Each structure stands twice: as C-alpha cells, then as structure tokens.
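Notes to accompany the following structure.
The values are calculated or read from the model by the stated rules, or taken from the named source; none is laboratory data. Quick caveat, the model's predicted, so the values are computed rather than measured. As a convention, Cβ positions derive from the backbone with ideal geometry for all residues, glycine included, and neighbour counts pool all protein chains shown.
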Amino acid sequence: MKKVILTSFGLLAAVYGMSQPTLTYAKHGLQAGDVHQTRKVTTAEPGASGAGVVWDFSACEIIGAVQTEALASSGSHTTVRNDGNVIFQFDVTPYGNDYYGYAAGSYSIVYENPVLKTRYPFGFLDQHSGELSGYIAQGQSKTPLEGAYSSEADAYGTLKLPNGVTLSSVLRVKTTETQKRLYGSTTVSTTEVKYLWYAQDFRYPVFVTIQHYADQPDGPKSLSKSSYLNIATLSAPQAPAGSVASEQPTGNADLPEVAYSIFPNPVQDAAAISYTLPYEAKVSVAVYTIASVCVRKIVNNELQTPGEYTYSYTPATPGTYFVRFAFGDEVFIEQIVKK
C-alpha cells in the first residue's frame, strides 16, 4: 500500500509532503551533553540518488548490541567518545562541523587543517570538498598522510526502517574520504564512503551505511560494509510499549490506498486529523512528543469499517509533535507543529 496525502488545502499540502529537508546548525549541530546510540543491522545497499526516492530497509535485521557515543565539551572542541574509548574531536560552529582527528590510546590521527564534515545550512544538491593532510601518531613514530574529502546531499525522499517506521522528508548525505598513508616508499590507500540519512526532528542520522575500501600495494583490494540504525527511532512514535499489533486482511498488496490529512498544520488552536478508510481494518492514531512520549491516543487499536473519520486535536503547548497512523499493518508518521 502506498502512502497518499489528500488535504483540503491542496497545493500547500503537496509542497509540504514533498518538502526538501535542510541540515541546520540549530537542529543538527553536534551538541555537548548528548548521548547518541546506534545498533548494527544487516548490511543495506545505499540505493538510488535523486529527488523523491524511497529507500526500503524494512527487511534489515537488528543484529548488534547498543553502541554509545557520548558528546562533551573539551576546551574549544566538542569531543565524541565511543564504547571503545576512541575520542573524536570537532569544532562545532554555526558554519559547520570541523573535524580534527581522533585518538585511541597511543594511536591517533591528526589533521593539520580540519576536515569540514558538515556545512550549515546544507540541503539537496549542496556539496563541498577539500584536501586533507596530517599524520598518524603511534608511540614515538609519525606517518604522514594526505588525501581528499567531499560531502554531497545527493538525495531526499522516504525512508522505511527495520523497526516498522516510515519517515518522510529524509535527506541523504554522501561523504567520501580518501587517505594515502606514506610508509617510506610505500603508499597505502583507503577510501571510506558513508551514506547518512537525516530525518526531521532527529539531530543525528537515523540510518548509516559505510563502505570501506583498502588498497594494499602487495595484496588484493578489500571492501567491508556495515549499516547502523539510530535507536532513537526504536522509541519513536511507531510501536508504543503495551500496544496491540495491528492486523490487516490478507491480500493487502491489492487493497486500495488510505488517504489522510492534518489541517491546519501548523496549528494555532485545533487541528482536524482526518482519513478515509476504504476497507475494514484495525486503526490506531496517536500523538507523540519529540521525546517519544504519547500525549494523546485518538484511536486505540479499534476495528473500523470503511468510511471517513475526522477527529479534533489541540496540542497542549507550542512545539513539534508526531502523529502516528496505523492502518492494519501499515504505519505512517506525520509531523504537526503547534505555534
């Protein structure tokens, strides 16, 4: 079943539904005090680039334990420390995130000029690139390195995650970093390509795939791949604890589409949350805060017959909320803003 948005405010809703997200310092800059957690999933291919892409990673399986990155202030830098006690150093400004390298015990990589990891604002088709130079320090020895890096917002669209959540207005950023390490007369080349998917109101990427290429002078080229899910999406408004799983009649691939709308949005007072159900199904509609706290269950796993349904909802305080729609086994999430 495809997602269709039918609204009474026409073109405005169509533009919103196809809006192109933009990374900003206020919403996506690294923030000291945050704890960012991920879990490894079975490897996913990055998929297509362009506008209006649908990436379906719903078949990926979560296979790894929770991996934690803790952010803190250290002098003029923001540090990111992971479970392996590797410390990454950034200078976070309204212009972007400058990366200075990392340290893991006695081993470290130092960039003589910082690598611009992210620039703000950064939207679809934006890109930047540069050269890098520095050294690898291990004990008392230093190995020179040089290379290049680039970053491009190469796609936006809809992302289907392994935990059953579908996110719209997702921006994908592709980053590439190539290093040449000079060991005397021998050069070892590595290239790391990352695809990072950013969703509205999630500060950190919701999904990441990494492709790492290594070119050893006396051996074959190697390629390793990995993929990670931001576990904040596991507690996002999609499958609240204690909820009953929705059921849908068999043959749902041939069922007609469900149309739904939220109007007005942004809202000052009350918003009309409406949908047209063309078949009998169990329906749940609930409103969540950004912190994934359910603030209103509008429809609670109720078996409904075909027809048009409208409910009035007034957010208690200004801010951004999520409305979770579940029609049978299809789950969709839309943002609602209270002025």
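Restricting the first member to region 294-323 and to residues that are at positive phi and assigned to a strand (DSSP E or B), and the second to residues that are modelled with pLDDT under 95 and of a type in the set (Lys, Arg), the beta-carbon pairs closer than 8 Å and six or more apart or on different chains are ASN301/LYS282; GLY319/LYS338. PHE90 - would you say it is within 26 Å of SER150 (Cβ to Cβ) and under 16 Å from the mean Cα position of the chain (by Cα)? No, not satisfied.
With respect to ASN113, is the statement that it is more than 19 Å from SER189 (Cα to Cα), of a type in the set (S, T, N, Q) and assigned to a loop (DSSP other than H, G, I, E, B) true? Taking the combined requirement at face value, the residue does not satisfy it.
Of everything in region 86-109 that is assigned to a strand (DSSP E or B) and touching a Lys or Arg at 6+ places or on another chain (Cβ under 9 Å), the residue that is surrounded by the fewest Cβ atoms within 10 Å (Cβ to Cβ) is ILE87.
A single entry from SER58, SER49 fulfils the requirement of being touching a Leu at 6+ places or on another chain (Cβ under 9 Å), at pLDDT 90 or above and among the small types (Gly, Ala, Ser): SER58. Of all residues in region 165-185, those being out of contact with any Leu (no Cβ under 9 Å at 6 or more places or on another chain) and surrounded by fewer than 18 Cβ atoms within 10 Å (Cβ to Cβ) number 4. Among the residues making up region 313-322, those that are touching a Lys or Arg at 6+ places or on another chain (Cβ under 9 Å) and surrounded by 14 or more Cβ atoms within 10 Å (Cβ to Cβ) are TYR313, PRO315, THR320, TYR321.
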